[in-house]
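Below is one structure, written out as structure tokens; the observations come after it.
Throughout, read-outs are computed from the coordinates displayed, never taken from laboratory work. Since we're looking at a predicted model, the values are computed, not measured. Neighbour counts run over all protein chains shown; Cβ positions are idealised from the backbone, glycine included.
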Amino acid sequence: MIILNSSPRRSVQAFVVLCSVLLLNACASTPPASDQTLVPDTPRTDGIARGDTDDQKVAQLWSSAEKARQSGQDATALNLLYEALDISPQNPLLWSRAAELQLDALEAALAESYAAKSNAFASVDDRTLLYRNWLIIEQARQIRGDLLGVRSAHRKVQEYQYQ
């Protein structure tokens, strides 16, 4: 079982993105329709994405990567995830965690690319993972200064947030 938990750092990053989006909306030439409201981009309190794997080596690498990530060894964690991706290249949780680590390292282009790969491999029913990936994409675009891309990604975040 692979579990992807929300991190406090992710909540802070989501808050920064929310403030940026609010600022963008305040600068927009047309106000949002009265039925639209902005909601915080913080991960759901139940923001746990789960995935099963039959490959014991992938599960072991995931566990080792999580231990490394939790102890602040992001480069080691990323290398372990890359090794797991060599074994299971279509695992959306592995791509999503790699995207988070790239985002933490301010490698916005890689973070967005990995989150998009995760979305491509994710089931349409895995709304929690899709939501998390769109948050990563939104934050990556914010880092890169892609304001139109931020707005586009934010719409996708809202689409998945409460459904």
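Close amide H contacts of Thr53 (hydrogens built in the peptide plane, cut-off under 5 Å, sequence separation of 5 or more or a different chain): Ile2.
Determine which lysines satisfy two conditions relative to Lys156: a Cα distance under 23 Å, and not lying fewer than 8 residues away in the same chain. Within reach: Lys117. Calculate, for Ala116 and Asn79, the FRET efficiency according to 1/(1 + (r/R0)^6) with r their C-beta to C-beta distance and R0 22 Å; round to the nearest 0.05. Result of the calculation: an efficiency of 0.55. Ordering of 153-162, 131-140, 75-84 by packing is 131-140, 75-84, 153-162, highest average first (other Cβ atoms within 10 Å, averaged per residue). Here the gap between Arg144 and Lys67, fully extended at 0.36 nm per residue and compared with their Cα-Cα distance, gives a gain of 24.8 nm. Taking a sphere under 11 Å around the Cβ of Ser88 and counting the other residues whose Cβ falls inside, with K and R at +1 and D and E at -1, yields a net charge of -3. Relative intensity of region 96-163 on a log10 scale, I(q)/I(0) at q = 0.13, 0.14, 0.24 Å⁻¹, equals -0.29, -0.34, -0.97, per a Debye sum over C-alpha point scatterers of equal strength in the absence of solvent. In a fully extended conformation the segment linking Tyr162 and Asp125 would gain 12.0 nm over its present Cα-Cα distance, using 0.36 nm per residue.
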